[in-house]
Structure formats: structure tokens, C-alpha cells
Amino acid sequence: MRKIIIAWCSALFMPVFAFSAQASGAVTSFTLQNGMDVVVIEDHRSPAVVHMVWYRTGAADEPLGKSGIAHFLEHLMFKETETRESGEFSRIVEENGGNDNAFTSWDYTAYFQRVAADRLDLMMALEADRMANLRLNPAEVDTERNVILEERAQRTDSNPGALFNEAFRQRAYPNHPYGIPIIGWRAEMEGLTRADALAFYETYYAPNNAILIVAGDVTPDEVRVLAETHYGPLPPAELPPRTRAEDTALPQDQRFEFADERVAQPYVMRSYRAPERDHGAQAEAAALSLLAEILGGAPSTSVLGRALQFDTQRSVFATAYYSGISLDDTQFTLINMPSAGVSLEEAEADLDRVIADFLENGIDPEQFARIKFLYEASEIYARDNASGRARLYGMALTSGLEVEDVQTWPEVIEATTIEDVMAAAQTLFANAPRVTGYLTTAQRAEN
């Protein structure tokens, strides 16, 4: 159960260390004439490259009633084009010693390949082809619809934790598309058509809505020549404004209980509406990032872990999560999984007590210094992972940030003081709208 929770939260509330900044090697950015942004991250230690294309569109940009279409199109992008047969893309990548995949979130959809550096030209040719020439065979659309429905059945419908998370997000974002699951609602997924996929593709899959990121054994000049050759000729599209419905007048305190007889380990989760990182204004997000690590980082040293898992042993798992990488408002989340014999009401009270003590007593200066040191260590570690660096820039740039925001993030973190973190905590826990959910068993709900 702990692994399930961590996996979910990693997807929605990326841990603070995940968004490290510059690693070894220069980062260069430029824009093609058709509006396609390009980022080159040099890393010449091995003759390999990661080639990624990120689209500034995801599940939060879907038409009303068409939930899941962004993820559905991601699947269909591996099918037939005007020049390639279905499945040929991945087969060519594999034949050239590489691997490829894709992923969809609320704010972006990304496609990537990792190959030898001398295969970069081929990867760009393949990716540019499916950016412009996707041809959707009706039979394949029907088959792939069944695939995503089965994916939902396996990952969500059969998993009470995943169903709880869906219900939780609906309450956290009652009038915003972040409350709609990326995979989609089953009833709407069943009605997705070839025309729906083509409409989404033709609206959003264009060079001026894409970011090319190449990390590895390349130079900016090499990437520029190849990008202009393969992506440069593609025409830009007239893009719709990227606006979403806003949540206004949110309830200050929402509560609900989700019961399922399959639940093995009940837990309580509370989420507070929190601001995202904004271009040129990252100070508040930095304070919240440090707050999450102080409250819920390593169990033996974090406030929640030390108080509930070690000192009193009233919890088997207690943590906090926050990620500012989001186009719109995000969430600051607390989780407490109580030990046997501790009720969920008591577990919630434990959370309240520990947070109240924290707000009264403040932050241990030694712990604060240690967390900043860990940030520096994480930056050094990040230099060893070209794929990770490419993802960091892709997530940032598709979520409203710019290259300089990624590069200055360590400086913003370093400038953040204990007073900044405590001020952010006071504002968050006193004023932010919150949702509290209990995941429990059917037996409890009947009592």
C-alpha cells in the first residue's frame, strides 16, 4: 500500500528533489521560424542522446465530454502515418538499439527515444513524420479504444486507492479540469471516436505548440541543423488560447469517506489548495517545497515521520507532498496511515496535533540546513541522468515556466529562509481551502 501511495503522489505531487536545476554541461535554447522551441542539454560523457518532443497540451485541455482523448491520442501516435505502417516507429527505434515511449499528464503530452547519438537524425525524421502525417485507421482506433478501457480497468477500476484518488481530485478541483482523470471517465472513453482523436491532433499537434528537447552527446549547432531540416518545414497551427475554467468560491473544508471492502490499509489524506511556480516568481513555491520536505521527507528526520512513526508509533506511514510544476493551482498534501488499533478519526487528530505543534515551535535550524545541503547533493546527482534533466525542462516549459526559471531554482531555494517557510505554512494551514478524505473498508461504512 505504501508503494501505491508513493507512486500516485509521485505522479501528482512530485517530490521536492525531483525538480533539480542545471547539471553538468551547457543548456542552450532557441526557436525555429515556425515557432517550435528547442532546448539542447549537452552531456558528452557517453555517445547517447535522449530525444523528446513535448506538446503543450494534456488532459486539462480536452473538450467537455471527451475525457481521455489526450491519452487516447498518445496511444494512436504509434500507429500508421502516411509513410510508415502501424508499429513501424517503435520497431525502427528498437532495430537501432534504442527505446521509446510516451506519457500524458494534465498539462502536457511527451514522446521520447533514447538512442546512440548518431541516430538522432533518424529519430527527428520519425517524430516529425507523425507530428504532421498521422493517419488513423478506423479498425485500429476501435482496437486501441479497447486497450485504454482495459488499462483503466486494471489500473483504476480494480484499485480502491486509485478510485479514492479520483474521488479526491473531483472534490479538490470541482470546477477545473484537473479534477478529471487523465485516463478519462469510462462512460466518455467508450464514446471516443476517430473524429475526436483527429480533431485533438489537428488542434494541438503542431510545431508552435511543441518543445524539442535533446539531451546528451550533441552540440547546439548539430541540433539546430537537424531540427531545421526535419521540423522546420512543418507549418504552424492557429492555436486556441490556453485557458481553463477557474475554481471560485471553493468550500473551505470538504470531507468525504470512500469505502471499499478491498482496502487492506486505511489511511487519511488531506490536501490544501496551493499556488504553483510562476515564471519569475518562484519564492512562495520554494518555501512550500521546503515545507513539504521538512514535514514529510525522510521518516526518521521529518516532523510527521518522527512524531507519528518513531516517537509514538501511531502510524505506519506519514508524509507530505508538494509540487509547484503545474500550469494552474496545485495541491499540498498530507497522508497518515495509522497503525493497527488507531482509528482514522484519531489519525486525523494526530495530523492536526503535529501540525499545530509545528506551527507553534517552528523549524529546527539544523534540520533546515541539512535539507538545503540535500538539495545541493541532489543537483550533483542529477548531472548523471540526461533523461531526468530533459524531463525537468519539459515539465517546466509546458507548465508555464521558462529555461531561466529552471536554472535559477537552486538560487531561489538557497535564498529561502526559515521565516519564509513558516509564513507559507501559516498561510497554507490557516486559509487554504482543503479536502480531507478517508479511505477505508466497506465494513467501517456499514457501522
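List of remarks:
- Test: D157 is among the acidic types (D, E) and over 30 Å from T436 (Cβ atoms): no
- Residue among E238, E257 that alone is over 23 Å from the mean Cα position of the chain (by Cα), open to solvent by 40 Å² or more (accessible area, probe 1.4 Å) and more than 30 Å from R171 (Cβ to Cβ): E238
- Beta carbons closer than 7 Å, at least 6 apart along the sequence or on distinct chains, never pair a first residue in the range 170-187 that is more than 15 Å from S326 (Cα to Cα) with a second that is crowded, with 17+ Cβ neighbours inside 10 Å and of a type in the set (F, W, Y).
- Odd one out for I182 among (1) touching a strand residue (DSSP E or B) at 6+ places or on another chain (Cβ under 9 Å); (2) more than 14 Å from Q331 (Cα to Cα); (3) open to solvent by less than 20 Å² (accessible area, probe 1.4 Å): (3)
- The set of residues in the range 406-422 being open to solvent by 50 Å² or more (accessible area, probe 1.4 Å) and in contact with an Asp or Glu (Cβ under 9 Å, 6 or more places away or on another chain) consists of E414, D420.
- Remark: pairs (first residue in the range 307-332, at positive phi; second residue open to solvent by 10 Å² or more (accessible area, probe 1.4 Å); Cβ separation under 7 Å; 6+ apart in sequence or on different chains) = Q313/S339.
- Residue pairs whose Cβ atoms lie under 9 Å apart, separated by 6 or more positions or on different chains, with the first residue in the range 81-101 and surrounded by 12 or more Cβ atoms within 10 Å (Cβ to Cβ) and the second small (G, A, S) and in a helix (DSSP H, G or I), are T81/A132; D100/S90; N101/S90.
- Positions within the range 301-311 being at pLDDT 95 or above and of a type in the set (V, I, T), in sequence order: V303
- Listed by first and then second residue, the pairs with beta-carbon distance under 9 Å, at least 6 apart or on different chains, first residue in the range 342-364 and surrounded by 19 or more Cβ atoms within 10 Å (Cβ to Cβ), second of a type in the set (D, E, K, R), are V342/R314; V342/D350; L344/E257; L344/R444; A347/R314; E348/R270; D350/R314; L351/R270.
- Only a single criterion out of (1) closer than 30 Å to L401 by Cβ; (2) open to solvent by less than 20 Å² (accessible area, probe 1.4 Å); (3) out of contact with any Leu (no Cβ under 9 Å at 6 or more places or on another chain) is not satisfied by L192, namely (1).
- Only one of the numbered conditions (1) under 30 Å from D43 (Cβ atoms); (2) hydrophobic (A, V, I, L, M, F, W, C); (3) at pLDDT below 95; (4) open to solvent by 70 Å² or more (accessible area, probe 1.4 Å) is violated by A298, and that is (4).
- Number of positions in the range 59-79 that are closer than 19 Å to A128 by Cα and either open to solvent by less than 40 Å² (accessible area, probe 1.4 Å) or modelled with pLDDT under 95 (or both): 6
- The residue that is farthest from L76 (Cα to Cα), counting only those in the range 102-149 that are small (G, A, S) and open to solvent by less than 30 Å² (accessible area, probe 1.4 Å), is A117.
- Selected residue (criterion: nearest to D37 (Cα to Cα)) from residues of the range 217-252 that are among the acidic types (D, E) and at pLDDT 95 or above: E228
- Unique match (being open to solvent by less than 70 Å² (accessible area, probe 1.4 Å) and assigned to a helix (DSSP H, G or I)) among Q367, Q331: Q367
- The residues of the range 23-39 that are buried (at least 24 other Cβ atoms within 10 Å of the Cβ) and either touching a Cys at 6+ places or on another chain (Cβ under 7 Å) or not in a loop (DSSP other than H, G, I, E, B) (or both) amount to a single one, V39.
The values are calculated or read from the model by the stated rules, or taken from the named source; none is laboratory data. Remember, predicted model here, so these are calculated numbers, not experimental data. Neighbour counts are summed over all protein chains in view; Cβ atoms, including those assigned to glycine, are modelled from backbone coordinates with ideal geometry. With ligands, DNA and RNA removed, areas are computed over all heavy atoms of the protein, side chains included. Shrake-Rupley method; radii C 1.70, N 1.55, O 1.52, S 1.80 Å.
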